[in-house]
Amino acid sequence: MSNFFRKLSALFSYDVGIDLGTANTLVYIKDQGIVLREPSVVAMKNGVPKAVGEEAKRMVGRTPGSVVAIRPLKDGVIANFEVAHNMLRYFIKKATQHRLRTRILIAHPSGITEVERHAIEEAALEAGAVEVRLIEEPMAAAMGVGMPVSEPIGNMIVDIGGGTTEVAIIALQGIVYSQSEKCGGDALDETIVRHMLSAHNLHIGIRTAEDIKIRVGSAHPLQQELEMEVKGRDRGTGLPKTVTVRSEEIREALKDKLDIIVSAVRQTLDHCPPELASDLYDRGITVAGGGALLRGLGDLLHEQTGLPIFIAEDPLSAVAEGTGKFLQENSDLFYED
Ligand code: ADP
Ligand code: MG
């Protein structure tokens, strides 16, 4: 391409990093930063998308019968291809304001198969990307929180998202060992729904459960325990009912799921090559993803591993920030100019 055309096409193109999460999608534009963060939700009516993102999430559980809210990603992989690429197209268009050429770097869970990786690539191409590259999510998360991933030292990152928890040890720009567990924030929400039903005969929706988790949920005893009023529908009478729940009770309900997350961390530590283990003892573990915001999670992990635990400053942005750093540091990432 001549220099003139190259410059001209650069005017209309963008290099974009995407964190395509089960719960939230974030779009990072190189040299600009995060320009979009929205729930990975599409509201469909009779098979036609009606709303995407924030607007669609508001409809969850409040939608009239004919509107269904779909989360096209499940356990970190694309469960509904058609809806996923429509969603991705919408987010890309919205974030890039309809620029013509986008080259995209997408973060994906480390545990997925070749076929699943291909599906993500295809979805981005269908959504209009001219070229697509992938990056493993733990690598992006580690870069996003500023870990020295290219140095010959062991770094451990835990990313607790909606669908999965990813635990990885990274050194010299590579993933030395990683484990992906299909247990994240969604599993905690579902557990709270079941708990309210069995302990209080109260039917609540998944949004209310998430609200309980965020407002009074915890992984470790709190200095000041919390409580809140929860509105739902009585299982027996079918009538609206209000129940007061306490943080101790919710913590007990969440225990089994939190144990799964703790085990994944401990198993990963067991797999750590001895020459990197001492680094982890010195440098500790960093936790990212929305699940990192659960109260007392750092205390629980510290108690169960003996290692220093750091909660990322902005856990929900870590992966997207990491894709941005990767784009910045690898200017030869894309083939096409
Ligand atoms: P994903 O990468 O799968 O899209 P995110 O990293 O965006 O997931 O995290 C979303 C999860 O974080 C959801 O399950 C959400 O309920 C949870 N979450 C967000 N804020 C909090 C909070 N303050 N306390 C506990 N969980 C939270
Ligand atoms: Mg994520």
Seminar exercise, completed: Yeah, region 108-155 with a ≥ b ≥ c from its alpha-carbon gyration tensor (a/c under 1.5 is rounded, else prolate when a/b outruns b/c, oblate otherwise) is prolate
Seminar exercise, completed: Of all GluC sites (Glu not before Pro) in region 179-241, the ones in DSSP coil with at most 15 other Cβ atoms within 10 Å are Glu225
Problem set entry | At R0 = 22 Å, FRET efficiency that the Cβ-Cβ distance of Glu248 and Ile206 yields, to 0.05 | 0.45
Exercise. Okay, helix-only estimate at 222 nm for the chain: each DSSP H run of n ≥ 4 adds -39500 (n - 2.57), divide by all residues, round to 500 deg cm²/dmol; what do you get?
Worked result: -12500 deg cm²/dmol
For this session: Report the percentage of all Cα-Cα pairs in the chain whose separation exceeds 32 Å, rounded to a whole percent.
Result: 34
Seminar exercise, completed: XL table Lys30/Lys213; Lys57/Lys231; Lys30/Lys93; Cα-Cα > 23 Å flagged, in table order, is Lys30/Lys213
For this session: Compare the Cα positions of Ile261, Gly296, Leu226 along the charge dipole of the chain (+1 at Cβ of Lys, Arg; -1 at Cβ of Asp, Glu; about the Cα centre) and return the one farthest towards the positive end.
Result: Leu226
For this session: Please return the longest stretch of the chain lacking exposed loop sites, where chymotrypsin sites (Phe, Trp or Tyr not before Pro) count only if DSSP places them in a loop and at most 15 other Cβ atoms lie within 10 Å.
Result: 13-334
For this session: Would you be so kind as to identify which of Ile169, Gly53, Met139 lies farthest towards the positive end of the dipole of the chain, taking Lys and Arg as +1 and Asp and Glu as -1 on Cβ and the Cα centre as origin?
Result: Gly53
Problem set entry | Filtered GluC sites (Glu not before Pro), region 259-337: DSSP coil and at most 16 other beta carbons within 10 Å | Glu313, Glu336
Seminar exercise, completed: Here the gain from full extension of Gln32 to Glu313, 0.36 nm per residue of separation minus their alpha-carbon distance, amounts to 99.2 nm
For this session: Give, rounded to the nearest 20 debye, the magnitude of the charge dipole that the chain has about its Cα centre when Lys and Arg contribute +1 at Cβ and Asp and Glu contribute -1 at Cβ.
Result: 1580
Exercise. In region 104-193, what % of DSSP beta bridges are antiparallel (nearest 5)?
Worked result: 70
Exercise. Based on DSSP, what percent of beta bridges with both residues in the chain are antiparallel, to the nearest 5?
Worked result: 65
Problem set entry | Qualifying GluC sites (Glu not before Pro) in region 37-107, DSSP loop, other Cβ atoms within 10 Å at most 13 | none
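Since every read-out is calculated from the coordinates, none of them should be taken as a lab result. On a predicted model such as this, the values are computed, not experimentally measured, just so you know. A quick note on method: Cβ atoms are made from the backbone with ideal geometry, for glycine too, and the neighbour counts reach across all protein chains shown.
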